[in-house]
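Where a number appears in this text, it was derived from the coordinates with a stated rule and is not lab data. Given the structure is predicted, the values throughout are model-derived calculations rather than measurements. Every residue, glycine among them, receives a Cβ derived from its backbone with ideal geometry; neighbour counts consider all protein chains shown.
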């Protein structure tokens, strides 16, 4: 059975360290890293809504705060779902 928990990820401190033209790409990597750290697993699947929000304003200005529901699946992977 899958375990669920809701966490808020603020990636501002790490995202502003990267060049502006690469922030959305690095923000995705930072989000994956943080989700993997909190779920004790390396296989992380980001849902389409979160991905769309990250790239909505282009590559330079990603959203910097995400509230996600993290689901640990039976096969060991982790899926995220945007809560709001």
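Data for the structure
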| item | result |
| --- | --- |
| Per-residue Cβ neighbour rank within 10 angstrom, fewest leading, 11, 46, 16 | 16, 46, 11 |
| Correct option for Cα extents along the principal axes in Å [calculated from the coordinates] among (i) 41, 25, 21; (ii) 37, 29, 23; (iii) 41, 20, 17 | (iii) |
| Acute angle (nearest 10 degrees) that the helix 23-39 long axis makes with the longest principal axis of the chain, alpha-carbon atoms | 20 |
| Stretchable slack from residue 25 to residue 41, in nm (0.36 nm times residue separation minus alpha-carbon distance) | 3.7 nm |
| Mean Cα-pair separation over length for the chain, i.e. relative contact order, pairs under 8 Å, 6 or more apart, % | 41 |
| Residue 55 versus residue 83: modelled label distance in nm, points set 7 Å from Cα along the beta carbon direction | 2.6 |
